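Structure first, commentary second.
All of the numbers you see were taken from the coordinates with simple rules; none came from a lab. All of these numbers come straight from a predicted model, not from anything done at the bench. Positions of Cβ are backbone-derived with ideal geometry, glycine not excepted, and every protein chain shown enters the neighbour counts.
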């Protein structure tokens, strides 16, 4: 008799929760930069499943909105990162994105796809996901994370 490992997955939408809206779109709290050219964490979320396991696949769809508070010339730099809970080093999920002269109206940006499971860096559940932001002008960068953002983790009973 052939037996196959059980495959499990969990999808979590950890950002932008709160009161229900008429269109279903919810946002996290807005976060502002303070010091020029210094990273600010817009939001961090833990993606967890029981029991602890090694992932075979990880998929992300992460959406945020960005703008300047009042300057038409502010440049923003942002990126999504992840790490295994308990590890100190964050893994960049994509190269940093520069938004030149972002303006004062929110623009939405999404990064999505499958990220390679990487031994020693991003392989064990649970994981944390975060968005970091910086601005070239003091007190000008602003961002928020959309509730449609998610992480999907896949693992099997064999490990």
Note to self: C-alpha centroids of region 88-159 and region 55-81 sit apart, in Å, by 7
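What's the FRET efficiency of residue 156 with residue 118 using the Cβ-Cβ distance as r and R₀ = 22 Å, to the nearest 0.05? Before the final figure, lay out the partial values.
Details: r = 18 Å, r/R0 = 0.80.
Taking R0 as 22 Å, the efficiency between residue 156 and residue 118 is 0.80.
So if R0 is 30 Å, what FRET efficiency would residue 108 and residue 3 give, r being the distance between their Cβ atoms, rounded to the nearest 0.05? Let's see the in-between values first.
Working: r = 46 Å, r/R0 = 1.52.
According to the calculation, E is roughly 0.05.
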Where is the GNM fluctuation largest for the chain (alpha-carbon springs, 10 angstrom cutoff): 16, 43, 86?
-> 86
Could you please rank 48, 23, placing first whichever residue has the fewest other Cβ atoms within 10 Å of its Cβ?
-> 23, 48
Along principal axes, largest first, the alpha-carbon spread of region 36-159 in whole Å comes out as 54, 26, 20
Going fewest to most other Cβ atoms within 10 Å around each Cβ, 9, 75 line up as 9, 75
To the nearest 0.05, the calculated FRET efficiency linking residue 25 and residue 46 through their beta-carbon distance, R0 being 22 Å, is 0.45
